[in-house]
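Below is one structure; the comments refer to it alone.
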Amino acid sequence: MDFYIVLLIALGLAMDAFAVSLGVGTKGSILDKRSMFRLAFHFGVFQGLMTLLGWLAGSTIARWIEAFDHWIALGLLLFVGINMIRSGINEHKESYETNPTRGSMMVLLSVATSIDALAVGLSFAFIHTGIIMPAIVIALVAFTLSLLGLLFGYKLGVKFGKRMEIIGGMILIIIGIRILITHMT
């Protein structure tokens, strides 16, 4: 498959990770480079691995995953988005009690932003294309855009405060709804 086609696919897949990173960045709780790298790294790794897993699964498992993957993504993004909105409205409430770059919150966000990559991997298997180069490109693009989203989100959060957390939560909910609508139509 042509590199530029893979790059465009990677950019499309990374938009969810970018938007989630933007939302997480607005909270301002991820200030150190290590935490920023950890979140971006996990988003990139999950994007690349889900693409690879989709390719490995081929058409065998597709009908089982397609039936509910969009509902899982919607549920995960709704959960995080609603918590961010609550936190933005209530000055004393935090949207997540722990650092979102650690533990279950990071896994939850990583899975939610990479479910579409599984479907892309399946489509690569259907057209009998190689997977190593696309998976690496997808992972690198997701990593880069996630890091940029965190940095840009932080700057917006500093400038606009808790209101950006509300907007970040709304963005996550909209992404979840978009995923659902895309899969339903």
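The values are calculated or read from the model by the stated rules, or taken from the named source; none is laboratory data. Given the structure is predicted, the values throughout are model-derived calculations rather than measurements. Backbone-built Cβ (ideal geometry, glycine too); neighbour counts: all protein chains shown.
Does L156 qualify as being surrounded by fewer than 23 Cβ atoms within 10 Å (Cβ to Cβ), more than 16 Å from the chain's Cα centre (by Cα), at pLDDT 75 or above and under 13 Å from S21 (Cα atoms)? Considered against the rule, which asks whether it is surrounded by fewer than 23 Cβ atoms within 10 Å (Cβ to Cβ), more than 16 Å from the chain's Cα centre (by Cα), at pLDDT 75 or above and under 13 Å from S21 (Cα atoms), L156 comes out as yes. Number of residues in region 85-123 that are at pLDDT 75 or above and within 23 Å of W71 (Cα to Cα): the value is 23. Residue count for region 161-183 under the criterion of being more than 15 Å from the chain's Cα centre (by Cα) and touching a residue at least 12 places away in the same chain (Cβ under 8 Å): the result is 8.
Any residue that is of a type outside the set (G, A, S), in contact with a helix residue (DSSP H, G or I) (Cβ under 8 Å, 6 or more places away or on another chain) and under 14 Å from M84 (Cβ atoms) - is there at least one of those in region 129-150? Within region 129-150, none of the residues are of a type outside the set (G, A, S), in contact with a helix residue (DSSP H, G or I) (Cβ under 8 Å, 6 or more places away or on another chain) and under 14 Å from M84 (Cβ atoms).
When L49, L31, L78, L56 are checked against the criterion of being of a type outside the set (F, W, Y), exposed (fewer than 15 other Cβ atoms within 10 Å of the Cβ) and at pLDDT 75 or above, L56 stands alone in meeting it.
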